[in-house]
Amino acid sequence: MVVRTSSRRHKSAAAFWESGHIVVVLPAHVARADRPELVERLVARVLAKRPRAAATDDALAARAAALADRYVDNVRPASIRWVTNQGKRWGSCSPLTGEIRLSHRLRAVPEWVLDATIVHELAHLLHADHSADFHAVADRYPRQHDALVFLEGYSLGLGLGPPTQVGGS
């Protein structure tokens, strides 16, 4: 989070997302003692609009564990985290190291789309390719196909072109 003061702001404070961080802009005249409460209120308002946007990697790991238990034979990734360097992929998995990376752009999608992507990447821990065996595991998630359709449209809206798979790996 970044807190800025502005001499041009006279009445209102604002908070917004910028490059994956919350930015709070306060009028310069706001007393230092009043700033923490105002910042807290503005941050809470921004997070309420996008609650998953601040989800930690630990929360992501807990979500992956629950999905693995339900759909992917209890596998566990060595790590799972949000990344900002995936320009065309929604997610990636390194089966040899067990590392899963999810594009930060997935923070804005519905939960079932994120879940489908996580299941897709977890399935790669069992099958490194996109074989029939891989799809038999990934397709245990009931909305896997719906998520692919959603992400195709979302990709086009972002100007990325359609993904080849839900997870993109």
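Every read-out reported here was derived from the displayed coordinates using simple, explicitly stated rules and does not represent laboratory data. On a predicted model such as this, the values are computed, not experimentally measured, just so you know. Note that each Cβ is placed from the backbone with ideal geometry, even for glycine, and that neighbours are counted across all protein chains shown.
When the test is whether a residue is farther than 22 Å from LEU156 by Cβ and crowded, with 16+ Cβ neighbours inside 10 Å, VAL43 passes it. The lone criterion from (1) of a type in the set (Ser, Thr, Tyr); (2) under 22 Å from GLU152 (Cβ atoms); (3) surrounded by fewer than 17 Cβ atoms within 10 Å (Cβ to Cβ) left unmet by THR117 is number (3). Scanning the range 62-76 turns up at least one residue that is surrounded by 15 or more Cβ atoms within 10 Å (Cβ to Cβ) and either of a type in the set (Ser, Thr, Tyr) or on the phi > 0 side of the Ramachandran plot (or both).
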